[in-house]
Amino acid sequence: MPHSSAMQSSRDGSQDKNQLLSVVVDDDESVRESLPDLLREFGFAARAFSSAKEFLLSGCVDETRCLILDIAMPGMTGPELQQELKRRGKEIPIIFITGRRDETIRVQVLKQGAAGFLLKPFSDVALLAAIKTALRAN
Amino acid sequence: MEEQVQDPAQEAKRLQCCINDLVGVLALPAIWRGNEPSQIVQILLDVLLRMLDLEFAYARLNDAFDAMPVEILRVADYRKIDLPPQELRNILGDSLAADAQSSLQIRNRLGVEEISIFLVPLGLQAEIGVIVLGSNRVGFPEKADSLLLSVAANQASIGLQEARLLSEQKRIAAELEQRVAERTRALDQINAELRKEIAERKLAEQKLRQEERELKRSEVYKAAILDSSPDCIIAIDHEGHITEYNPAAELTFGYRRNDVLGKPLANVVIPPSLREKHRTGFARYLATGESKLLDRRIEMTALRADGSEFPVELTITRIPQDGAVAFTGHIRDITERKRSEDALRVAHAQAVRSEERWRSVFESSAVGVALADLNGRFIATNSIFQRMLGYTEQELQELTFIDITQEEDRNHNEALIRELLGGQRQQFQIEKQYRRKDGTFVWVRNNVSIVPGTEREPRYLMALSEDITQRKLSEEALAKARLELAKVASITSLGVLTASIAHEVNQPLSGIITNASTCLRMLSADPPNIDGARETVRRMIRDGNRASDVITRLRTLYSRKEPTLESMDLNEAAREVTALSLTEIQRNAVTLRQEFADDLPPALGDRIQLQQVILNLLRNAADAMSTIDDRPRELLVRTERDGGNQVRLSVKDSGVGFTTQTADKIFEAFYTTKTDGMGIGLSISRSIIEAHQGRLWATRNDGPGSTFSFSIPCWHEGLANAEIRVNRADPSMDAPHNDAA
């Protein structure tokens, strides 16, 4: 996958039609800045939103092939967004990322069909593996 | 008898002589005019002796005023005899009693020859006297002699009569003059006496008028005194009859003055039962002058016109006057006074009982009771109070409560007293330390109030003083235990926070790792994406700093430092805590709003301890909203001034809130409504705030949720060098009674 094109798409917001769209939803700005760049290095198109509500209203829910979702967020939390998407019949593979080791939440979201659960900080390899697993399963 | 004429010439000569003699005799009155009878007679006898050539001439003059007769005798010079007239009267003897103008022959005892005596009466009946002439001539007296003698006797009689008259006139005049002089003297004396009498009378009249004026004035005074006297004044005479009866008496006894004047006192104002005693006493006084009642104030019963009896106070005085005795009685109706006295007696008895009860309460009270004047000087103290302080009551009466109050409590205590005296407070409560006589300290809780004054008693202060040393020691032990617990809680909350903090650190770490991975990939590309790599490195530095900040805050928050009260910025402290808690807050889907006052003055506090309190309040608020789904989870942290010298921080949530039933319990240790809490957070927080001389409290919001607030004193310049009384709950500090000792 051409890195430059991924970077390109991240810079100007446009995306290659052949590229799969991966979306980051996190209230932490550093995550929203760094993660899409890495995803583009992986060859994905990438977009980032600061809240679940923002994502739901973005109009790109249907195109999203992989959702990288923070658990604790103001307003609607990550697991709540998972429920909402399920309610809407959107079968988007979701990889949850969190800074808090909370086994209860982990079990809960996995039961609800989460494709992955990464504890911050995680390596690029771990993320890529999780995305690949998720896409393959989907 | 017939004389024979001798020689005519001789005869003529003799006749001529006779005529001359006669003229001489007739001229005599002109000589003796104005003379005394004796002088007249002397002149006459001398003239006759010489004219008639007599042996002697004698005259006896009868005094006109029955005095002794005057006798004069003249004897012829040649006889050379000096014979007193009385002797001649003896010689003449009875011949003097012979009829007038008679002559007789008597033997001349003066010589040898016989002598002829001739008596010539003076006056018709010889009432003036008699002249006796003696001559040795024979035939004496001859006719010419008789004629001469007769004329001379007449002349002498007239002259003597005149002389007598003159003498009489003189005498009368002298007598008259004397009488006039005497009369004049008498009159002068009488006049002098009269003038004196008039002067005396005038004086007397003046005195009388003065006395009358004084009497009148005295009467007016007396009348005024009598009329205006509130006391009854009744005067009686020696018989006990009323002589004066003033208007007050009319009013009191019900008789009119005119109806009782002159009546016996006993029948008018003295009750029948006392009349006999009165009469006996009165009679005894009149008889012996002894009385047990005079000039003394006595109480007795009196009788009104309507027959009713009433108590009076009576003073009887004897009127100081001459004559019969009289008395005045001053009588005062003391019905009201008696009633007041009775009431007073009852009141006094009640007061005594009340005093005894009060004294009993005072003495047997379980707490110390102290009464002090408005300057704080002890007036009375009970035994508990005395035992508590180790002083006797007398020793305490030499002291003020300020004297025995620990210095650090004095200003506050005096300020409260001023407010009490100024009426801003009805009472106040203060916990403070008293210095006992032995120098040790005792903790007391005083309920101080002001006891209102009465007409006789000024206001005073009353303190109910409870020895709370044991409680204070317990509190200190509790505070110590709490602090130990706080340490545990701190550790516990550290554990709880670890996840949150880990997240807070992991967040930038995650960014760093992601950016590093991206950077490597960008640099490994062909051609390398240098711009992209630079951007990722910039982010890595930023996130690295962010992680560092978190660590720094964490270190500050959990570093064990001695609590110190210092000037601190409450906004800044709150800002740091909210930054640390942000993730936790956000994880719970809570919207945080901060309203920090821009002009907030610096507070006096221990920064770390206060941050622990704020953190606790934020966590509680987040927890209270964790189950809320039907409304926004909103958290407001606000700072503001609280009054003039305090700052306040409030944490307001929209959570489940608390009920009035739980309101009292939420600050108690180990009380919790949470499933995972220990219930010590608020208890510790309150201990910390109270150690800051502040206050922590909770209120229910108008809407959902609750607000927890604390306020603490502002820092000010004066505190910079002052010894600050720090957190007694902190075991690292000396116990207060030790450090003050």
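Candidates are the residues of region B:589-605 that are at the interface with chain A (Cβ under 8 Å from one of its Cβ atoms) and buried (at least 17 other Cβ atoms within 10 Å of the Cβ); the one that is nearest to B:L565 (Cα to Cα) is B:V590. A search for C-beta distances below 6 Å between a residue of region B:590-614 that is assigned to a helix (DSSP H, G or I) and any residue that is among the polar types (S, T, N, Q), counting only pairs 6+ apart in sequence or on different chains, returns B:V613/B:S685. Restricting B:I614, B:I608 to those that are at pLDDT below 85 and surrounded by 15 or more Cβ atoms within 10 Å (Cβ to Cβ) reduces the list to B:I608. When region B:108-134 is examined, which residues are found to be at pLDDT 70 or above and assigned to a loop (DSSP other than H, G, I, E, B)? Those that are at pLDDT 70 or above and assigned to a loop (DSSP other than H, G, I, E, B): B:G123, B:L124, B:Q125, B:A126, B:E127, B:I128.
Does B:A486 satisfy the criteria of being modelled with pLDDT of 85 or more, crowded, with 21+ Cβ neighbours inside 10 Å and more than 12 Å from chain A (Cβ to nearest Cβ)? For B:A486, the condition - modelled with pLDDT of 85 or more, crowded, with 21+ Cβ neighbours inside 10 Å and more than 12 Å from chain A (Cβ to nearest Cβ) - is not met.
Could you list, in sequence order, all residues of region B:40-57 that are touching a residue at least 60 places away in the same chain (Cβ under 8 Å) and farther than 26 Å from B:R14 by Cβ? Matches in region B:40-57: B:I40, B:V41.
Listed residues A:S10, A:S51, A:S30; which is at pLDDT below 55 and out of contact with any Phe, Trp or Tyr (no Cβ under 9 Å at 6 or more places or on another chain)? If you could, list the steps in order and put the result at the bottom.
Numbers: A:S51 fails: at pLDDT below 55; A:S30 fails: at pLDDT below 55.
Checking each option against the conditions leaves just A:S10.
The helices (runs of 4 or more DSSP H) falling completely within region B:240-314 that include 2 or more residues that are surrounded by fewer than 18 Cβ atoms within 10 Å (Cβ to Cβ) and not hydrophobic (A, V, I, L, M, F, W, C) map to B:247-253, B:257-260, B:272-288.
Just one of the numbered conditions (1) under 30 Å from B:Q321 (Cα atoms); (2) touching a Pro at 6+ places or on another chain (Cβ under 9 Å); (3) surrounded by 13 or more Cβ atoms within 10 Å (Cβ to Cβ) is not true of B:D227: (3).
Select from region B:523-536 the residues that are part of a helix (DSSP H, G or I) and within 7 Å of another protein chain (Cβ to nearest Cβ) and list them in ascending order.
Of the residues in region B:523-536, the ones part of a helix (DSSP H, G or I) are B:523-524, B:530-536.
Hits for region B:523-536 are B:G532, B:T536.
Results for (1) surrounded by 18 or more Cβ atoms within 10 Å (Cβ to Cβ); (2) polar (S, T, N, Q); (3) under 17 Å from B:F56 (Cβ atoms), shown as yes or no for each residue.
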site: B:S116; (1), (2), (3): yes, yes, yes
site: B:N136; (1), (2), (3): no, yes, yes
site: B:E142; (1), (2), (3): no, no, no
site: B:I158; (1), (2), (3): no, no, no
site: B:R164; (1), (2), (3): yes, no, no
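Could you tell me whether B:G644 is surrounded by fewer than 19 Cβ atoms within 10 Å (Cβ to Cβ) and either in contact (Cβ under 8 Å) with a residue 40 or more places away in the chain or part of a strand (DSSP E or B) (or both)? Step through it out loud before you land on a result.
On the way: surrounded by fewer than 19 Cβ atoms within 10 Å (Cβ to Cβ): yes; either in contact (Cβ under 8 Å) with a residue 40 or more places away in the chain or part of a strand (DSSP E or B) (or both): no.
In short, no.
Test B:E197 against the criterion of being more than 30 Å from B:F327 (Cβ to Cβ) and surrounded by 12 or more Cβ atoms within 10 Å (Cβ to Cβ), and give yes or no. Against the criterion (more than 30 Å from B:F327 (Cβ to Cβ) and surrounded by 12 or more Cβ atoms within 10 Å (Cβ to Cβ)), B:E197 qualifies. When you look at B:I689, is it modelled with pLDDT of 85 or more, in contact with a helix residue (DSSP H, G or I) (Cβ under 8 Å, 6 or more places away or on another chain) and in the same structural domain as B:L610 (by TED's automatic domain parsing), yes or no? Yes, satisfied. For region B:175-185, state whether one or more residues are at pLDDT 80 or above and among the polar types (S, T, N, Q). The answer is yes, given that some residue of region B:175-185 is at pLDDT 80 or above and among the polar types (S, T, N, Q). Based on what the data block shows, is B:S650 small (G, A, S), in contact with a Lys or Arg (Cβ under 6 Å, 6 or more places away or on another chain) and either at pLDDT 80 or above or outside any loop (DSSP other than H, G, I, E, B) (or both)? Yes, satisfied. Within the option set B:I172, B:I198, B:I158, B:I190, being in a helix (DSSP H, G or I) and in contact (Cβ under 8 Å) with a residue 60 or more places away in the chain holds for one residue only, B:I158.
No other residue among B:N413, B:N446 is in contact with a strand residue (DSSP E or B) (Cβ under 8 Å, 6 or more places away or on another chain), of a type in the set (S, T, N, Q), assigned to a helix (DSSP H, G or I) and free of Cβ contacts under 8 Å to residues at least 60 places away in the same chain apart from B:N413. The residues listed here are B:I585, B:I628, B:I608, B:I614; of these, the one that is of a type in the set (V, I, T) and touching a Leu at 6+ places or on another chain (Cβ under 6 Å) is B:I585.
Within region B:522-538, track down each residue that is within 16 Å of A:L39 (Cβ to Cβ) and either surrounded by fewer than 17 Cβ atoms within 10 Å (Cβ to Cβ) or not β-branched (V, I, T) (or both). Before the answer, list the steps.
Pass one, region B:522-538, residues within 16 Å of A:L39 (Cβ to Cβ): B:522, B:525, B:529, B:532, B:535-536.
Listed by number, the residues that qualify are B:M522, B:A525, B:N529, B:G532, B:E535.
Of all the residues in region B:315-344, those that are surrounded by fewer than 16 Cβ atoms within 10 Å (Cβ to Cβ) and closer than 18 Å to B:G254 by Cα number 2. Number of residues in region B:30-62 that are assigned to a helix (DSSP H, G or I) and among the aromatic types (F, W, Y) equals 1.
Looking only at residues in region B:387-403 that are buried (at least 18 other Cβ atoms within 10 Å of the Cβ) and within 16 Å of B:D467 (Cα to Cα), which one is nearest to the chain's Cα centre (by Cα)?
Just the residues of region B:387-403 that are buried (at least 18 other Cβ atoms within 10 Å of the Cβ), to begin with: B:388-389, B:391, B:396, B:401.
Restricting the remaining residues to those that are within 16 Å of B:D467 (Cα to Cα) gives B:388-389, B:391, B:401.
Details: B:M388: 46, B:L389: 44, B:Y391: 41, B:F401: 36 Å.
Checking each candidate, the answer is B:F401.
The values are calculated or read from the model by the stated rules, or taken from the named source; none is laboratory data. Just so you know, these numbers come straight off a predicted model, no measurement behind them. Virtual Cβ from ideal backbone geometry, glycine too; neighbours counted across all protein chains shown.
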